[in-house]
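Please treat every number below as a calculation from the coordinates, not as lab data. Here the structure is a predicted model, which is why all the values come from computation and not from measurement. Here Cβ is always computed from backbone atoms with ideal geometry, including for glycine, and neighbour counts include all displayed protein chains.
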């Protein structure tokens, strides 16, 4: 299956996401702050990232901007997960953001977004 990086500073949400992704057979790595994400991505080399917007250190928008300008990371699909519905408009300009899911989220919506994102990766 796929390798999924989860970036969220809420341990309960991270654990829920990890269990959900592992139930689908994916290998998961969790990162709980924005400062360590880029190094963790280079090390883990995931197929997909689930990213919170509000993070300590570096926020999700800044992480997406950094990744967008990096040839090694610019093709990695991102599912943005946020309680901040208005922030959705900030992410539409990034092609690699394949879904924006509002917290609290429905796991069926998350599973559908993950499936679609991974199909996109496999079809390239």
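Okay, here's what the table says:
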{"quantity": "Burial ranking of peptide ranges 91-97, 25-31 (average Cβ count within 10 Å, highest at the top)", "calculated": "25-31, 91-97"}
{"quantity": "Reciprocal mean inverse distance between Cα atoms of the stretch 3-122 - Kirkwood radius, Å", "calculated": "14.0"}
{"quantity": "Per-bin percent of Cα-Cα distances, the stretch 81-124 [5 Å]", "calculated": "5, 22, 25, 25, 17, 5, 1"}
{"quantity": "For the chain, calculated [θ]222 nm from helices alone, where every DSSP H run of n ≥ 4 adds -39500 (n - 2.57)", "calculated": "-12000 deg cm²/dmol"}
